[in-house]
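First up is the structure itself, then whatever we jot down about it.
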Amino acid sequence: MTFGEKRAHHVQMTSGQRSVGVTRRIFGWIALLGCALTLSACGFQLRGASEYAFQRLYISGGGSMGIDISRYIRYGSKGTVVVTEPKEADARLEIVNVQASRTAVSLDANGQAREYEMRSAYTFQLVTPDGRPIIPLTTIRLVRNLPYSDSESTARDAEASLLYRDMQKDAVDQIIRRMEAVKSMPEAKPEE
């Protein structure tokens, strides 16, 4: 093969490679469009900014959970703000109780734990400034399983902390969804 033939052959491969690249790009866009159509057909939509029936929220209790909810409201809502004084609020989110426990659910032949069941319970209510319920006292209960081995106890303790954190995030999401579901505030009590 002469130099000119090699060059012509190389140019042909390059243009062939270009057509393969264009074809891949077209199929990629078609696949992306197909996924978008499928997701929209099943009712999926990206969450936009949340809207609440109240404009100012005060959060009491909950420690890091209260911080997570406050952050979610601050960055994910349309016009609702978290206030630092209860008297400034249209609604009060009271995180009344947070409990976490770990129980062995299976043992090995030596009586050592092989698996734990981790439970978390989050009790909260949403009330008006004068204490009337918007969302009555509610408890969210969550359960996760954690395999366990004495030889990996440090890693399992870290995994347990991550699971508790994941359960708290799940509870925060559920509380946020319940607050979004409130469409109107209770009527104000008439002055006597």
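The values are calculated or read from the model by the stated rules, or taken from the named source; none is laboratory data. Every value quoted in this text rests on a predicted model; they were computed, and no experiment measured them. Here the Cβ positions follow ideal geometry from the backbone for every residue, glycine too, while neighbour counts run over all protein chains shown. Please note that ligands, DNA and RNA were not included when accessible areas were found on the heavy atoms of the full protein model with its side chains. Shrake-Rupley method; radii C 1.70, N 1.55, O 1.52, S 1.80 Å.
Consider region 121-168. How many of its residues are of a type in the set (Phe, Trp, Tyr) and part of a loop (DSSP other than H, G, I, E, B)?
Result for region 121-168: 1.
Inspect all residues belonging to region 30-53 and state whether any of them is touching a Gly at 6+ places or on another chain (Cβ under 7 Å), surrounded by 12 or more Cβ atoms within 10 Å (Cβ to Cβ) and modelled with pLDDT of 90 or more.
Checked region 30-53: no residue is touching a Gly at 6+ places or on another chain (Cβ under 7 Å), surrounded by 12 or more Cβ atoms within 10 Å (Cβ to Cβ) and modelled with pLDDT of 90 or more.
Give the residue that is farthest from the chain's Cα centre (by Cα), with candidates limited to residues of region 78-108 that are open to solvent by less than 40 Å² (accessible area, probe 1.4 Å), within 10 Å of ARG56 (Cβ to Cβ) and among the aliphatic types (A, V, I, L, M).
Ranking the candidates gives ALA89 first.
For ALA171, are the conditions met, namely being under 22 Å from VAL82 (Cα atoms), part of a helix (DSSP H, G or I) and in contact (Cβ under 8 Å) with a residue 12 or more places away in the chain?
So ALA171 fits the description; yes.
List the number of the failed condition for GLY61; all other conditions in (1) at positive phi; (2) surrounded by 17 or more Cβ atoms within 10 Å (Cβ to Cβ) hold.
(2)
Go over the candidates TYR116, TYR148, TYR164 one by one and state the one that is of a type in the set (Phe, Trp, Tyr), out of contact with any Leu (no Cβ under 8 Å at 6 or more places or on another chain), over 21 Å from ASP68 (Cβ atoms) and touching a residue at least 24 places away in the same chain (Cβ under 8 Å).
TYR148
Yes/no matrix, rows are residues, columns are (1) of a type in the set (Asp, Glu); (2) within 26 Å of the chain's Cα centre (by Cα); (3) closer than 25 Å to ALA49 by Cα; (4) surrounded by fewer than 17 Cβ atoms within 10 Å (Cβ to Cβ):
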residue	(1), (2), (3), (4)
ASN110	no, no, no, yes
ALA113	no, no, no, no
ARG132	no, no, no, yes
LEU142	no, yes, no, no
THR154	no, no, no, yes
GLU159	yes, yes, no, yes
LEU162	no, yes, no, yes
LYS169	no, yes, yes, yes
